[in-house]
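Q: Quick one: the structure is below, and I'll ask about it shortly.
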Amino acid sequence: MQRVLRVSLAMFLSLVVILVLAEVLARVVLWYHREPVTEVEFGYSPTGYGDLLPNLNRVERLYPIRPYLLQTNSVGLRNDAEIDDDAIRILAIGDSFTYGMYVHNHETFPARLEERLRELGKNVQVLNAGVPGYTISDSLDYLREKGLALEPDLVILGEYTNDVFDFYPPMREVMARSVLLQAAAQPVEISPLERFLKENVALYSALQRLRAQYGQAQIEAQVNRVTPTVPGLHQVYQDITFLRPQDYPEEWAAYEQSLREMIALLQERNIPLLIVSFPDVAQLPPESALPDVPQQAIARIANDTGTPYLDMLPVFREVGDVQSMYLMYYNPNAQVNPDAPDAAVMRYSGDGHPTPYAYLLTGRLLADMLLRENLLPLEHADV
């Protein structure tokens, strides 16, 4: 019996030594200190003035190589500050390009616009109500249910080339605003033990990182919260948006109807609207670029309704390239189909959302346009 106890004690001590050595190794080689973040995960909220969960303050890691700080205020808008009743109020709506996927709060174009206008002496607050996955009909529903209650002095609609494609039925089934709000995620509480391990035990953090590296299915599941993956959708997206729009009249008609309804809604309330559109990364290279079909459609509607419109496609082409405008890098080993309509960008990997520089440029051009066309009131007018 004593021999068994001695063997058990020796095994226990050996295990303790191994764990201590592993912890030391993890601290030296693998671990990086992470600032504590709140326990609420990214999610949607049917309450508040914004459609995001309120009081978020966390590092989002949908892609491990693209972490970014996500903060929302107490009413679910992606703003660090609370609503300023005295400031001129600009409401930015749209999808992930307005929200600012993979960039920090202060790097989004709404934040850069506010920063620039304040530099020029304007008492302005730009409220970021962008939500990943929204299309024009979702933004219209948001305006009716929440956005107009903010009494904005100006609305900026951020448009991306996939907004028509988002009317494709399989996309509506998973990304429609009604679907997201109905299945709104509830705050996830982290136990005191898990929080302690995350913040103080290097081995625990290292094992989590290894699990993330090899758990590709989990990473894809996280990404699918804001970017659903359905086989064959990329080709459908290109056909609807650029190559064969005439074959998808219902999606284009639904898009135009929603955009015109939004313009009419704001005109009835004497609220100026400005539209800014972001190009697809495959539209950027001058050679073999996808055509500017969606930009022309927006320009036509804007011209018909007298709506100010800023097209970022010619700007991005003039001042930058794929890697400076988008979160992409050149991959010489990428497989390229020379006959593909987007062959010019097939050697680039990464994510097709804008870089902080592209957002900075957009914010400054928007500020110039607002001042040039006298779209800003002298002060916020309470309704």
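The values are calculated or read from the model by the stated rules, or taken from the named source; none is laboratory data. Given the structure is predicted, the values throughout are model-derived calculations rather than measurements. Here the Cβ is made from the backbone with ideal geometry for all residues, glycine too, and neighbour counts use every protein chain on show.
Q: For residues in segment 260-283 being over 16 Å from Leu154 (Cα atoms) and surrounded by 21 or more Cβ atoms within 10 Å (Cβ to Cβ), which is nearest to the chain's Cα centre (by Cα)?
A: Going residue by residue through segment 260-283, those that are over 16 Å from Leu154 (Cα atoms) are 260-261, 277-283.
Within this subset, residues satisfying the condition of being surrounded by 21 or more Cβ atoms within 10 Å (Cβ to Cβ) are 277-283.
Working: Ser277: 15, Phe278: 13, Pro279: 15, Asp280: 15, Val281: 16, Ala282: 19, Gln283: 20 Å.
Among residues in segment 260-283 that are over 16 Å from Leu154 (Cα atoms) and surrounded by 21 or more Cβ atoms within 10 Å (Cβ to Cβ), the one nearest to the chain's Cα centre (by Cα) is Phe278.
Q: Give, as residue ranges, the helices (runs of 4 or more DSSP H) completely inside segment 134-224 that count at least 2 residues that are at pLDDT 65 or above and touching a helix residue (DSSP H, G or I) at 6+ places or on another chain (Cβ under 8 Å).
A: Details: elements: 136-145, 169-175, 177-182, 192-200, 202-214, 216-223.
Correct list: 136-145, 169-175, 177-182.
Q: State whether the residues of segment 9-23 include one that is in contact with a Leu (Cβ under 6 Å, 6 or more places away or on another chain), modelled with pLDDT under 95 and more than 15 Å from Val131 (Cβ to Cβ).
A: Taking segment 9-23 first, the residues in contact with a Leu (Cβ under 6 Å, 6 or more places away or on another chain) are 22-23.
Applying the additional criterion that residues be modelled with pLDDT under 95 yields 22-23.
Narrowing further to those that are more than 15 Å from Val131 (Cβ to Cβ): 22-23.
Yes, the conditions are met somewhere in segment 9-23.
Residue by residue, here is whether (1) outside the structural domain of Thr362 (by TED's automatic domain parsing); (2) crowded, with 21+ Cβ neighbours inside 10 Å; (3) under 26 Å from Ala381 (Cα atoms); (4) of a type in the set (Val, Ile, Thr) holds:
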{"site": "Ala87", "(1), (2), (3), (4)": "no, no, yes, no"}
{"site": "Leu91", "(1), (2), (3), (4)": "no, yes, yes, no"}
{"site": "Met101", "(1), (2), (3), (4)": "no, yes, no, no"}
{"site": "Arg116", "(1), (2), (3), (4)": "no, yes, yes, no"}
{"site": "Asn123", "(1), (2), (3), (4)": "no, no, yes, no"}
{"site": "Tyr142", "(1), (2), (3), (4)": "no, yes, yes, no"}
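Quick grid of which residues meet (1) within 24 Å of Gly352 (Cα to Cα); (2) out of contact with any strand residue (DSSP E or B) (no Cβ under 9 Å at 6 or more places or on another chain):
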position	(1), (2)
Gly76	no, no
Tyr102	yes, no
Phe109	yes, no
Lys146	no, yes
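Q: For Gly232, indicate whether it is modelled with pLDDT of 65 or more, touching a helix residue (DSSP H, G or I) at 6+ places or on another chain (Cβ under 8 Å) and among the small types (Gly, Ala, Ser). Please lay out each step first, then the result.
A: Numbers: modelled with pLDDT of 65 or more: yes; touching a helix residue (DSSP H, G or I) at 6+ places or on another chain (Cβ under 8 Å): no; among the small types (Gly, Ala, Ser): yes.
So Gly232 does not fit the description; no.
Q: Please name all residue pairs, on different chains or six or more residues apart, with Cβ atoms under 7 Å, provided the first residue is in segment 90-110 and is among the hydrophobic types (A, V, I, L, M, F, W, C) and the second residue is surrounded by fewer than 24 Cβ atoms within 10 Å (Cβ to Cβ) and part of a loop (DSSP other than H, G, I, E, B).
A: Pairs that qualify, where the first residue is among the hydrophobic types (A, V, I, L, M, F, W, C) and the partner is surrounded by fewer than 24 Cβ atoms within 10 Å (Cβ to Cβ) and part of a loop (DSSP other than H, G, I, E, B), are Ile90/Asp153; Met101/Pro132.
Q: Then there's this: Checking Leu365 against (1) crowded, with 21+ Cβ neighbours inside 10 Å; (2) under 30 Å from Leu120 (Cβ atoms), which single condition isn't satisfied?
A: Unmet condition: (1).
Q: Here's something else I'd like to know. Working only within segment 355-372, note down all residues that are farther than 12 Å from Leu117 by Cβ, in contact with a Lys or Arg (Cβ under 6 Å, 6 or more places away or on another chain) and not aliphatic (A, V, I, L, M).
A: The one that is farther than 12 Å from Leu117 by Cβ, in contact with a Lys or Arg (Cβ under 6 Å, 6 or more places away or on another chain) and not aliphatic (A, V, I, L, M): Tyr359.
Q: Hey, can you tell me all the residues within segment 284-317 that are of a type in the set (S, T, N, Q) and surrounded by 18 or more Cβ atoms within 10 Å (Cβ to Cβ)?
A: Gln295, Thr307
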